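Beneath this line is the structure, given in structure tokens, with notes to follow.
The numbers here are math on the coordinates, done by the rules we state, and not lab data. Nothing here was measured: the structure is a model prediction, and the numbers come from that model. Methodologically, a virtual Cβ is constructed for each residue, glycine included, from the backbone with ideal geometry; neighbour enumeration extends over all protein chains shown.
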Amino acid sequence: MLRKSVYTWLTALLCTLLLLPAVPLRAADPGSIGNYTDVLCLDRNELGVWMTVQNLHEAAGAASYRYRLCGNGADGKADTIYIDKDSISLDYFFRPADYPQFVLPATFELHRQALIGTAWQTASGKGSFTVSRNEYTFDTVRVCKLDTYTGSYTNYADQTDRIFFSYGDTADYVNYDKTSLGCDKEYHLHCTWLDVPEVEIEPLGVLCQTDKEITVYFNTLRGTPTSVSVSFNKAALKAGFKNKELALKSANHFTLTVPTTSRGDYAMYVQFYDTTSLAACNGKRDTLAFNLNLGGYVVDKWDDVLLVDNNPSNANPDAVGDTLYFASYQWYKNGRAIGGATGQVYHEEFGLNGVYYVEMTDTLGRTYRSCAVEKRPVIAQSSSQEVFTVEAGQPGSMLHYTSPSAGTLAIYDLSGKCLTSLAVESGDGSIQAPPIPGLYMVRLLPAGEKPLTRKLIVR
């Protein structure tokens, strides 16, 4: 059964409008072509098809004949072919390669014209040739192993075939059908079985609340994951983390944004998918516990001193949501506790070199771990072997010091701000104490040598 599209009818209308002026033959004229239709199908290896119209009557007084084929062009407009024939019948080999202006499938209106006297006259009636290709369709469905695929295919006769694949099937589903133009269509459906993604996720390591991103590294053991679903526990969601579905842009990691949040213990749930599968193809869900360590309290402005800013008057913009007061400390270097390093200030005479953090216990007995600080030596060892001392004193009083060499003596608060400084010579001297009680740092910067640092208590 031939189904004509709206486009075909529009093409027919355009063809009619483009007909050459002619003196119509009488309705009973034997030159009439009548109404003729045919569907021509090109096989995959064929170069063309024969357009044939036989048993036509001769037009009275006709000296010659020609046929006019009008079809839809590649530019969306009607186009025309003239076929000159001396005989009254049409037997023409149509090669699509010779007419690139037409797009298949195409329906051509056929008009017969006779040369009577000096004018071409169009016979009454018209024919129709629809040229299409025999189609071969090959589809592949991708399904997880141990899953099944069930589908349906509706053929031209509106009959529905059920398609069912289970793991292990290798045969294709084949259906021979008719296209809307009547040509054969060979339909193949093949099922490809996919491995369920199996992924090994690496531990997250030490994280800090001041980090901007979390990078999760993984190794694929089986399958081909294309996306990952990440969800969080209630504590993490409350802290600002968002559940996400991410397309994997790398074969070994994905990245999450860390919200501006307080430190805490959280959990994320990670599940990998192969989204190329027709149905869901998901691996098992893994749970990753992670901790955002405390940031904003360790001051590392110098090369030989680390200290905890435990002064509530000092702003800690990175310590979002925390107002903590610490009573005890334990410093760590390269993952190991440092013996005797239990004060608010940690100092290494010849410069810090390693990865440091501190465990801090607040006045309520709760223990926190600071974000790690990596320090590398950038200064030479001092040649001065003499002792640098600063005596404690009262607010605003003159403090006695002993300097092993000439240089600059400066007093800093725990935020690293320089409060006062003066040029000194080697030997004894005095410098005025800050006016507010508290813990301070005194630094001697000898010319050309490593700075020397001491803790100062003003009571």
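So what J values fall out for segment 206-213 if you push phi through Karplus, 6.51 cos²θ - 1.76 cosθ + 1.60 with θ = phi - 60°, rounded to Hz, Gly and Pro as x?
Result, rounded to whole Hz: 8, 10, 10, 5, 8, 5, 8, 9.
Which length gain, in nm to one decimal place, applies between Asp428 and Ile457 when the Cα-Cα distance is subtracted from 0.36 nm times their residue separation?
8.5 nm
Which cross-chain or sequence-distant (5 or more) residues have an amide H under 5 Å from the amide H of Ser128, H modelled 1.01 Å from N in plane?
Tyr36, Thr37, Asp38, Leu110
Place a point 7 Å from the Cα of Glu213 along the Cα-to-Cβ direction; which residues of segment 259-278 have their backbone N under 16 Å from it?
Flagged as within label range: 259-260.
Using 0.36 nm per residue of separation minus the Cα-Cα distance, give me the extension gain between Lys249 and Val206 in nm, one decimal.
In short, 13.1 nm is gained.
What is the distance, in nm, between label points placed 7 Å from the Cα along the Cα-to-Cβ direction at Asn334 and at Thr275?
According to this spin-label approximation, the distance is 4.5 nm.
Looking at segment 79-151, which trypsin sites (Lys or Arg not before Pro) are in a loop (DSSP not H, G, I, E or B) and have at most 16 other Cβ atoms within 10 Å?
Listed in order of number, the matching sites are Lys145.
Can you list the residues, at least 5 places off or on another chain, whose amide H is less than 5 Å from the amide H of Ser227, using H built in the peptide plane?
Distant-sequence amide H within range of Ser227: Leu248, Tyr273, Thr275.
Between Lys284 and Thr342, what is the FRET efficiency for a Förster distance of 45 Å, r being their Cβ-Cβ separation, to the nearest 0.05?
The pair Lys284/Thr342 has a calculated efficiency of 0.50.
List the trypsin sites (Lys or Arg not before Pro) in segment 195-304 that DSSP assigns to loop (not H, G, I, E or B) and whose Cβ has at most 10 other Cβ atoms within 10 Å. Which are they?
Here the trypsin sites (Lys or Arg not before Pro) that fit, given the DSSP loop and packing criteria, are Lys212, Lys249.
Whole-Hz ³J(HN,Hα) for each residue in segment 416-422, computed from phi via Karplus 6.51 cos²θ - 1.76 cosθ + 1.60 with θ = phi - 60°, x for glycine and proline: what do you get?
Once rounded to whole Hz, the list reads x, 7, 7, 8, 7, 8, 7.
May I ask you to list the trypsin sites (Lys or Arg not before Pro) in segment 332-424 that are in a DSSP loop and have at most 15 other Cβ atoms within 10 Å of their Cβ?
Taking segment 332-424 and a limit of 15 other Cβ atoms within 10 Å, the loop trypsin sites (Lys or Arg not before Pro) found are Arg366, Lys417.
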